[in-house]
């Protein structure tokens, strides 16, 4: 369809919508004139949900129940009508007859619209076709819908309308609700899993006074009372590790994170992370924890160990593959980190493979290894894979490997070709940490950022932090995986959207 035709179609749809809305407002005005303003209803004494009636039909048959919900379908057959009503649990049918509800109420019911919300009291029965229904004895309009529901919501020209108006999406496409029910179940099971391991859930500040030196760009705001610029957090890590210093052995936080960066199928400016820290452990302990947690979650949420994501089978039940970054790069592109005798040789190896290294002539062997991994390895990691031992160049908060100081005790795990989480043996040397912070801050300032060293965190480390394993994962990507959702917007109730220009 040409652009002009799209505009014309949109204008026609808007005109039709406006006409239908006008008619509905006129109906509302008539109700108000009659003293029947539906918005004045404070409460409705519902006794059962739709699912409770259907599942308990044998004991409820012939009994009087009160249900409530949004009318989605109606068939008027003279003096009687069948209609279906959707509540938070499901959909149930009601049989509404003039002789039972009264002539006036039945007449009003016939003039009501799809989308209106009703309360119905009546007896439970089963129709000749075997459908559990409620034979209405009274029916009451509880809320008037002033806008019509779209008939073919998935067929709308503007494909992002589902995300902009999630409330309509949930009404018209009830299956969408299943994704968000699963999201809550996943979060509940994660909490259960960590709680059973002795972790304590905590809350840490969302507003920070410093723009710390991490790579992510923060959102900036202003505190009026203190007359102070503040930043929305880009992680929960540093406060959680302060708690490890303070004597908590196992802590975690389900935290809303804000990063002023790009948006795509796997990124949203605000998202939910889960970070966990365990004293007297290391990154290998965190490998075991995350692998077993994912295996447990998959079985509880999906009922099986092998799932399908976007048409590809993912084996969550079998032991995960574990490779060092150097091993993975050698496996997938042939470059051997340990054969490079100098940074210059590493840069030459990248050039031979036509791999651009962002640091250019300043690139170290570590920088080259990271670039080769990004170019040749990540998109090969379909099945659950742990990549560990990252170069110190991109791991400012991880502890160095004692046997190989050029590397850190860090891992990321990948599923379906995407990074799903990040973990360290946490750096607890305050002197080393300060030096890394300074380098990181200087790099950020060179890019124009107002970054500062978190001196208070360094002070916390100076009091002593025990050896600690830490791990962070993105809840949204996990939900995508376990609900077979193609984009992050499918698992966020209200994803960030660019405003529509009128």
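The values are calculated or read from the model by the stated rules, or taken from the named source; none is laboratory data. Keep in mind that this is a model prediction, so the values were computed, not measured. Reconstructed Cβ throughout: ideal geometry from the backbone, glycine too, with neighbour counts over all protein chains shown.
Tabulated values for the structure
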read-out: Where residue 319 falls short, out of the listed (1) assigned to a loop (DSSP other than H, G, I, E, B); (2) without any contact (Cβ under 8 Å) to a residue 12 or more places away in the chain; (3) over 16 Å from residue 373 (Cα atoms); value: (2)
read-out: Which numbered condition residue 101 fails, given (1) under 28 Å from residue 176 (Cα atoms); (2) buried (at least 16 other Cβ atoms within 10 Å of the Cβ); value: (1)
read-out: Out of 476, 454, 484, 490, sole residue that is touching a strand residue (DSSP E or B) at 6+ places or on another chain (Cβ under 8 Å), under 22 Å from residue 260 (Cα atoms), surrounded by 13 or more Cβ atoms within 10 Å (Cβ to Cβ) and in contact (Cβ under 8 Å) with a residue 60 or more places away in the chain; value: 476
read-out: Selection count where residues are surrounded by 13 or more Cβ atoms within 10 Å (Cβ to Cβ), in a loop (DSSP other than H, G, I, E, B) and under 22 Å from the mean Cα position of the chain (by Cα), scope region 196-210; value: 3
read-out: Filter result for the condition that a residue is in a helix (DSSP H, G or I) and surrounded by 17 or more Cβ atoms within 10 Å (Cβ to Cβ), over 230, 276, 286; value: 286
read-out: Test: residue in region 254-264 that is in contact with a helix residue (DSSP H, G or I) (Cβ under 6 Å, 6 or more places away or on another chain), assigned by TED's automatic domain parsing to the domain that holds residue 478 and touching a residue at least 24 places away in the same chain (Cβ under 8 Å); value: no
read-out: Test: residue in region 296-306 that is in a strand (DSSP E or B), in contact (Cβ under 8 Å) with a residue 60 or more places away in the chain, farther than 26 Å from residue 467 by Cα and in the same structural domain as residue 474 (by TED's automatic domain parsing); value: no
read-out: Check on residue 16, modelled with pLDDT under 90 and either exposed (fewer than 11 other Cβ atoms within 10 Å of the Cβ) or under 27 Å from residue 107 (Cβ atoms) (or both); value: yes
read-out: Condition broken by residue 76, with the remaining ones in (1) surrounded by 14 or more Cβ atoms within 10 Å (Cβ to Cβ); (2) assigned to a strand (DSSP E or B) satisfied; value: (1)
read-out: Among (1) more than 28 Å from residue 402 (Cβ to Cβ); (2) in contact (Cβ under 8 Å) with a residue 60 or more places away in the chain, the one test that residue 287 misses; value: (1)
read-out: Residues of region 108-133 satisfying the condition of being farther than 25 Å from residue 17 by Cα and in contact with a helix residue (DSSP H, G or I) (Cβ under 8 Å, 6 or more places away or on another chain); value: 122, 124, 126, 132
read-out: Condition broken by residue 182, with the remaining ones in (1) touching a residue at least 24 places away in the same chain (Cβ under 8 Å); (2) assigned to a loop (DSSP other than H, G, I, E, B); (3) touching a helix residue (DSSP H, G or I) at 6+ places or on another chain (Cβ under 9 Å) satisfied; value: (2)
read-out: Residue selected from region 175-195 under the condition over 18 Å from the mean Cα position of the chain (by Cα) and surrounded by fewer than 16 Cβ atoms within 10 Å (Cβ to Cβ), by the criterion farthest from residue 150 (Cα to Cα); value: 195
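Each row is one residue, and each column tells you yes or no for (1) more than 14 Å from residue 141 (Cβ to Cβ); (2) out of contact with any helix residue (DSSP H, G or I) (no Cβ under 9 Å at 6 or more places or on another chain); (3) in a helix (DSSP H, G or I); (4) modelled with pLDDT of 95 or more.
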| residue | (1), (2), (3), (4) |
| --- | --- |
| 22 | yes, yes, yes, no |
| 48 | yes, no, no, yes |
| 65 | yes, no, no, yes |
| 68 | no, yes, no, yes |
| 81 | yes, no, no, yes |
| 84 | yes, yes, no, yes |
| 88 | yes, no, no, no |
| 95 | yes, yes, no, yes |
| 99 | yes, no, yes, yes |
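Yes/no matrix, rows are residues, columns are (1) without any contact (Cβ under 8 Å) to a residue 40 or more places away in the chain; (2) touching a strand residue (DSSP E or B) at 6+ places or on another chain (Cβ under 8 Å); (3) surrounded by fewer than 18 Cβ atoms within 10 Å (Cβ to Cβ); (4) within 22 Å of residue 387 (Cβ to Cβ):
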| site | (1), (2), (3), (4) |
| --- | --- |
| 325 | no, yes, no, yes |
| 328 | no, yes, no, yes |
| 341 | yes, no, yes, no |
| 345 | yes, no, yes, no |
| 348 | yes, no, yes, no |
| 351 | yes, no, yes, no |
| 357 | yes, no, no, yes |
| 361 | yes, no, yes, no |
| 368 | yes, no, no, yes |
